[in-house]
Amino acid sequence: MEPNYKITKYTCYLFYILQGTLLNIAAVLFVPLQEQFGLSYMQLGALISINFATQLTVDIVLSKMVDKKGYRVALQVSSVAAFLGYGIFAWMPGLSNNPYLWLCIGMVFMSIGSGYMEIAISPLVHALPDKAKGKNMALLHSFYAWGQLLTVMVTTIALALLGRQNWHLIVTGWMIFPVVGFILSCIMPVPAVKAEESSSYSFKIFKEPMFIIFLMMIFFGACAENIMVQWSSAFMEQAMGLNKVIGDLAGMSMFAVMLGLCRVISALAEKKIKLYQFMLYGSLTAIVCYLAVALTDLPVLALVFCGLTGFATAMLWPGTLVLAAEYFPKAGAWLFAYLAIAGDLGGVFGPWLTGTVADSSGLKAGMFTAAVFPLLSAVCIIIYLKKSKAHKQLRKL
């Protein structure tokens, strides 16, 4: 009897909601953390960089473990690490003379959970017996956006109701998600991992120029997406003078809604609009959005373009996964791991560079600098289009 993989899909959706919280909770708390512990912009940016740097390490060190131990173990370990990370991040800084150190340690555990689930969830969904791979991937990644939206709205409203000084209670509440995720990961059916085929092919791919293009594509796409995600809350409050509740709900929430909306539209319109069109036009739109946010003095316009950045950058990460898997059809789970490494590097570099520029020249200058990343993303997509046409012609011969 064929297993019912619906519960597997729903479990993956839940884990992407969890990842949306793990990657965005610190950004929503930037101002409360800065007020309580006196952190600089660079320290705040470094928290996000630690997040993605840890994910990067996990991608490199544990990518082969998915093949050896399977998807189930990866999600179980992710749940435990996320649970511990929330607990340490929420409670240890207030009990220590070095709160920033414990914030970093908590972030490391949260990132271990996020990183391990990242290299397991996408290939798990891709391995399910369903021909609509692109649709499934776009829909899967939309749940990251809904997790981000849920994180921003619930955390921001809770901060307003409970007070900024009680941010640790709010983080504690998010611990329910890894608990539920662990339970579901124990009961879901899991398809077999095809390790031998993918590992024999993995060494050849490093000689392919297009593999490097895909790595660069997801790197720049991750930069373009995560800079606005991580800095919009602080930007709207401190550069535009908006109340935090308004800035978060109207700025970060709008970003998340547009991010998820674009991914759902991409899934529904898979046969009508080409994936590369979403990605190319999105990259070009993101350039305009970052420049507009940096140059305008009108908070309303800044909020609108912040939200539009979510729609513009939505398909740059999941789209690259689909294009790469189609270009290298013999590749397995390891391909997603390598691309996740490049994406996490982008998540490290982009917010760090923005924070560094902001410390020296202000947050608006940081946002202006960020426009270079969607520009470079567009260049990579154009190169892909030229190379893929030649690749398809060769395969027909």
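The table below lists the values:
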| item | result |
| --- | --- |
| Cα point-scatterer Debye curve for the range 255-351, base-10 log of I(q)/I(0) at q = 0.17, 0.24 Å⁻¹ | -0.84, -1.26 |
| Net charge contributed by nearby residues that have their C-beta within less than 15 Å of MET217 (K/R +1, D/E -1) | -2 |
| When the range 1-43 is reduced to its Cα atoms, the Kirkwood hydrodynamic radius in Å | 13.0 Å |
| GNM result for the chain, Cα springs below 10 Å: residue of GLY173, GLY282, GLY366 fluctuating most strongly | GLY173 |
| Hydrodynamic radius (Kirkwood) for the range 51-104, which is based on Cα pairs only, to one decimal in Å | 12.7 Å |
| The range 95-115 versus the range 258-303: alpha-carbon centroid distance in Å | 33 Å |
| VAL379/GLN36 FRET efficiency (R0 45 Å; Cβ-Cβ; nearest 0.05) | 0.60 |
| Centre separation in Å (Cα based) which lies between the range 309-345 and the range 34-49 | 30 Å |
| P(r) tail fraction, the chain - alpha-carbon pairs more than 39 Å apart, % | 13 percent |
| When the range 206-320 is reduced to its Cα atoms, the Kirkwood hydrodynamic radius in Å | 14.6 Å |
| Out-of-range pairs (alpha-carbon distance over 18 Å; input LYS6/LYS64; LYS6/LYS133; LYS271/LYS387) | LYS6/LYS64; LYS271/LYS387 |
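Readers should treat all values here as calculations from the given coordinates under stated rules, not as data from a laboratory. All of these numbers come straight from a predicted model, not from anything done at the bench. Note that we place each Cβ from the backbone using ideal geometry, even for glycine, and neighbour counts take in every protein chain shown.
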